[in-house]
Structures are given as C-alpha cells and as structure tokens.
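To keep things clear, I will list the structure first and then write my remarks on it.
The values are calculated or read from the model by the stated rules, or taken from the named source; none is laboratory data. Note that the structure is predicted; figures quoted are calculated from it, not measured. Note: ideal-geometry Cβ built from the backbone for every residue, glycine included; neighbour counts use all protein chains shown.
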C-alpha cells in the first residue's frame, strides 16, 4: 500500500512537521507493506518527498494550488492508494481536491489548533467542509475529537494518540538549571502568562522556540525583571529538557501537548494548563495542572521547593511516557489505511 501525506515536513520546524516525520518513519518500519510519500511546502531534498513552490505572503493559498498540482502528479506517478492530510486548512483542502480528482480515500488528521483556533467565525464552514468530505478524521486527543464532532455533526472521526520518540527523549544525568517552555512563540501558546507567573521567582527561565511574538516577549521579560534566555530554534531539545528543573506548557488552547510527554520521557516534571487535551496527559499524579497565572506561580514555587514531590512527579511522568510510542500510533494508522 502507498500513502500520500500532505502537510508540513522537515526542514520545517514545529509539532506538525515533527509528527509527520515520525509517523512516516514509524509506519514504514512496520511489517505492514506501507510506503509513505509526502507533499509539503517549499523545496525539500528527501526520498519520496515532493516539495512545492509557495509564496511567503500567500503561503496557504499558494500551497492549495501547488499542493494539489504536485499531489496529483505524485498520485499518478507513484500509484497512491490513500491520501492522508495533516491539519484541516490548507492541507485538508488539498486532500479534498485530490480525493475529487483521483477518487482515492482521504484521511485528515486534526492537530488541535486547526479546530480550537482556526475554526471560528466563517472559517468554521471551511473546516466543516473538509471534515465532512473526509472518509475518516483522526484526532490527537479526546478533547480534539469532541470538538470535531461538535463542529461537523458527523461520526467519521476517531482518537489516535500521538507517539513520543523514546530513543531520543530519555533521561540523562545533567545539572538542572532552569524553568523551561518549549514551543512556538504565538499568542495562543500563552508564553506571556508563563513569564508573568515567573516574576519574583529567583530562577533562570528558558524559552526554546521561535515565532512572531518573540520581540514582544523579550520586552515583557525585561520589563518583568525575569532572568530569561530566548534560545530560538534548537535541535538539542532533549538535552535542554534534561537540564530543566520543570517544563511548563501555558497554552490558551492545546490539542494534545506533545511537549509535556517529551519532557516526561526525559524525567523532567511538568506543569500544564487545564485546556484542550492537556488534562488527558496530566492527572495530578504525574504533573501539575493550573488555570490562572497566580496558580502557575504557586505550582512552580511548590515544585521547586518540594523535592519529594519533584521526585514523585518525575517517576510517574516516566511511567506515563512509556505508554506512548510511535510504533503504537503507526499500528493504528496501518489498520485504518487497510479499512479504507
């Protein structure tokens, strides 16, 4: 069987590109006879990956056109059996167009922000059209699944948990130095909430990642007097997580929270906000949950000063992470592909 995935892919950075990369690798590693091809944004030099020419200012619209054209070329050339789009818009729209052109079955994976953030106002109509056109919609958390069902009113969706690379994210013996955020610097990620919560806590703060809010957040950190280092994009995230005392995910909306799972796999205690799929990962026994900026401040202080709690959350977090793997996720998708 040959599957064509549509969406972000390395060298692009971020959660979706990482997801597609690891899922492709894991599915092809199974003894299931599945070969995966990818259509993505921009120039790419990887086997079985088709790049496209997109415009920076009109990336979404240009990918809709270029992705459809390139995808249809790949379908005919590689004799594709299933289309699998990652994110509702524009990859999902490209998937819908390719389905209509080829008659092939379409799987669309919702990653959270495409439902919780993008699908508002008139854009709900676009998202609903993609969902109803797909043969199956998969979601990275029960919260995302519930939102998809409410948005579309259809029952063609299921929950397929994400995996974590347990060979890369693993405990190391390193000096713990900072309280850390890892992820994109977008307003929805709530990094401003994290910085304000760290005011008055005499600890180093690390912000690992990049995005349009970086300059604003740098000014905020300086104004608050927070000892903050902005690392930008890094490839040594497992090492930096192992050097962290706590990893915090303060998102205003979050579909799953893979960063939390990766931190748990490194043996680093986590604090996450009560939103989206985060409470599905953090139970209170394997990490701490907060709702307000004040609660985040208090939870952070508690965890920094209570070594017994820190050790307990570390051990429970490792147990949680061990239950997730890309192999399990890949088996779920291989089974789904065979059903279509």
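Screening residue 254 against (1) modelled with pLDDT of 95 or more; (2) under 21 Å from residue 192 (Cβ atoms) leaves a single unmet condition, (1).
Can you confirm whether residue 89 is farther than 24 Å from residue 18 by Cβ and surrounded by 18 or more Cβ atoms within 10 Å (Cβ to Cβ)?
Values: farther than 24 Å from residue 18 by Cβ: no; surrounded by 18 or more Cβ atoms within 10 Å (Cβ to Cβ): yes.
No: the conditions fail for residue 89.
Filtering the stretch 1-17 down to residues that are touching a residue at least 60 places away in the same chain (Cβ under 8 Å) and in a helix (DSSP H, G or I), which residue is nearest to the chain's Cα centre (by Cα)?
Selected residue: 15.
Among the residues of the stretch 280-308, the ones that are assigned to a helix (DSSP H, G or I), free of Cβ contacts under 8 Å to residues at least 12 places away in the same chain and either in the same structural domain as residue 116 (by TED's automatic domain parsing) or within 27 Å of residue 162 (Cα to Cα) (or both) come to 0 in all. Restricting the search to helices (runs of 4 or more DSSP H) fully inside the stretch 55-155 and requiring at least 2 residues that are touching a strand residue (DSSP E or B) at 6+ places or on another chain (Cβ under 7 Å) and in contact (Cβ under 8 Å) with a residue 60 or more places away in the chain gives 59-78, 93-102, 142-152.
You will find that of 170, 216, 235, the residue that is modelled with pLDDT under 95 and out of contact with any strand residue (DSSP E or B) (no Cβ under 9 Å at 6 or more places or on another chain) is 235 and no other.
I need the full set of residues from the stretch 28-47 which are in contact (Cβ under 8 Å) with a residue 24 or more places away in the chain and closer than 17 Å to residue 8 by Cα, in order please. Even if it seems obvious, please write down each step before you answer.
Taking the stretch 28-47 as the starting set, the residues that turn out to be in contact (Cβ under 8 Å) with a residue 24 or more places away in the chain are 29-30, 32-42, 44, 46.
Those that are in contact (Cβ under 8 Å) with a residue 24 or more places away in the chain and closer than 17 Å to residue 8 by Cα: 36, 37, 38, 39, 40, 41, 42, 44, 46.
For residue 179, the conditions (1) surrounded by 16 or more Cβ atoms within 10 Å (Cβ to Cβ); (2) part of a helix (DSSP H, G or I) are fulfilled apart from (2).
Filtering the stretch 235-245 for residues that are without any contact (Cβ under 8 Å) to a residue 60 or more places away in the chain and not in a helix (DSSP H, G or I) leaves a non-empty set.
Among the listed residues 64, 8, which satisfies the condition of being assigned by TED's automatic domain parsing to the domain that holds residue 148 and surrounded by 20 or more Cβ atoms within 10 Å (Cβ to Cβ)? Lay out the reasoning, then the answer.
Working: 64 fails: surrounded by 20 or more Cβ atoms within 10 Å (Cβ to Cβ).
That would be 8, the only listed residue that is assigned by TED's automatic domain parsing to the domain that holds residue 148 and surrounded by 20 or more Cβ atoms within 10 Å (Cβ to Cβ).
Do you know which residues across the stretch 286-330 are surrounded by fewer than 16 Cβ atoms within 10 Å (Cβ to Cβ) and either under 30 Å from residue 30 (Cβ atoms) or in contact with a strand residue (DSSP E or B) (Cβ under 6 Å, 6 or more places away or on another chain) (or both)?
So in the stretch 286-330, the residues surrounded by fewer than 16 Cβ atoms within 10 Å (Cβ to Cβ) come out as 291-292, 294, 298, 301-302, 305-309, 311-312, 315, 319, 322-323, 327-328.
The answer is 319, 322, 323, 327, 328.
Listed by first and then second residue, the pairs linking a residue in the stretch 167-185 that is without any contact (Cβ under 8 Å) to a residue 60 or more places away in the chain to a residue that is part of a strand (DSSP E or B), with Cβ atoms under 9 Å apart and 6 or more places separating them unless they lie on different chains, are 185/207; 185/209; 185/230.
Among the residues of the stretch 199-234, what is the count of those that are part of a loop (DSSP other than H, G, I, E, B) and under 20 Å from residue 253 (Cα atoms)? Outline the logic, then answer.
Step one: list which residues in the stretch 199-234 are part of a loop (DSSP other than H, G, I, E, B), which gives 199-203, 210-213, 225-227, 233-234.
After this cut, where a residue has to be under 20 Å from residue 253 (Cα atoms) as well, the list is 210-213.
Qualifying residue count for the region: 4.
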